[in-house]
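As structure tokens, the structure follows; a few thoughts come after it.
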Amino acid sequence: MIITTREHNAPAAVERAATLAGKAGCRFAPRNRASMKRLTELYPGEDILVVLEGGARLHRPGERPMAFHPSMSFVRAKRLLKGEKDTMLEAAGVRPGDTIIDCTAGLGSDSIMFSLGAGPEGKVIAMEDSLPLWALLSEGLAYYESGLQPFDEALRRIEPRHGHHLGLLEQMPDKSADVVYFDPMFRDPVLESSSISPLRAFANNSCLEEAAIFEACRVARRTVILKEKIGSGEFERLGFRVSGRVRSKITYGVITL
């Protein structure tokens with residue numbers, strides 16, 4: 001992956017891009033006013049992450065560019081801040097001050113909700129296996145501005161970690177989090193979900209391993225949560241009890257510890 005800036009780059013953007021490249025272990029490429037077409041010619045086959053003022057944009061040959069955006073989490077957040085309940089937070093039993101691990105963060109939509117639910121005293125760790133998605137998520141969480149202060153503060157509190165969730169969970173102490181959450185790519189996609197479709201080109205599409213659930217149960221103090229389609233055999237295969245009444249195509253399975 002190549003990390004760069006816009007054509008007319010400010011020194012601060014250059015510094016951000018170079019710092020991110022160092023963290024990601026990939027190459028920083030000065031833009032030098034080159035067009036995106038020219039960059040793809042200079043770095044054939046490479047993913048290119050462009051650092052922007054409010055986050056970043058990810059380019060891959062043959063795919064639509066993807067920018068960081070909180071998607072439906074912004075709508076959900078406004079409802080939560082008005083005092084309405086959130087189904088995911090209810091299923092997970094999230095409390096203020098909780099430590100929560102999102103094992104399959106993607107672009108952080110659920111991590112953001114967990115951060116709002118856990119509040120300023122809480123902690124959310126967002127794990128992402130895909131290096132391009134982790135880089136895009138990292139910049140978005142650090143620099144995206146929605147105009148809603150509690151929402152933006154929730155973004156800044158999230159700690160993005162790059163790596164496969166199984167390996168990262170194995171490194172964590174027993175009972176070191178309150179909630180561990182999984183939202184893997186569905187085996188049977190929800191085709192109408194336009195916010196998820198672009199992620200499929202970058203995300204890890206493997207099914208969850210039983211070993212990951214074992215580690216999650218070791219690390220979690222209260223609950224392990226799985227988001228899946230209704231009727232999915234994953235709940236039974238992995239030992240989850242479906243939570244509450246089903247009102248949509250998606251539901252949550254719970255392991256209570």
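The values are calculated or read from the model by the stated rules, or taken from the named source; none is laboratory data. Everything quoted here is computed from the prediction, not taken from an experiment. Because the Cβ atoms are built from the backbone with ideal geometry, glycine has one as well, and the counts that use them run over all protein chains shown. Keep in mind that these areas ignore ligands, DNA and RNA; they rest on the heavy atoms of the full protein, side chains included. Shrake-Rupley method; radii C 1.70, N 1.55, O 1.52, S 1.80 Å.
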Members of segment 188-210 found to be open to solvent by 50 Å² or more (accessible area, probe 1.4 Å) and at pLDDT 90 or above, listed by number: 209, 210
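With the requirement that a residue be open to solvent by less than 20 Å² (accessible area, probe 1.4 Å), at pLDDT below 95 and not aromatic (Phe, Trp, Tyr), what does segment 59-85 give you? Talk me through it step by step, then tell me what you get.
First, the residues of segment 59-85 that are open to solvent by less than 20 Å² (accessible area, probe 1.4 Å): 66, 68, 70, 73, 77.
From what's left, at pLDDT below 95: 66, 68, 70, 73.
Across segment 59-85, the qualifying residues are 66, 70, 73.
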Condition check for residue 55: open to solvent by less than 30 Å² (accessible area, probe 1.4 Å), at pLDDT below 95 and more than 30 Å from residue 174 (Cβ to Cβ): yes
Residue match in segment 119-126 (condition: touching a Lys or Arg at 6+ places or on another chain (Cβ under 7 Å), closer than 25 Å to residue 21 by Cα, in the same structural domain as residue 184 (by the TED database) and of a type outside the set (Gly, Ala, Ser)): yes
Pairs where the first residue, in segment 160-187, is closer than 14 Å to residue 108 by Cα and modelled with pLDDT of 95 or more and the second is surrounded by fewer than 17 Cβ atoms within 10 Å (Cβ to Cβ) and charged (D, E, K, R), C-beta under 9 Å, 6+ apart: 162/23
Near pairs, Cβ below 9 angstrom, 6+ apart or cross-chain, from segment 138-149 (closer than 18 Å to residue 75 by Cβ) to any residue that is among the aromatic types (Phe, Trp, Tyr): 140/68; 144/68; 146/74; 148/74
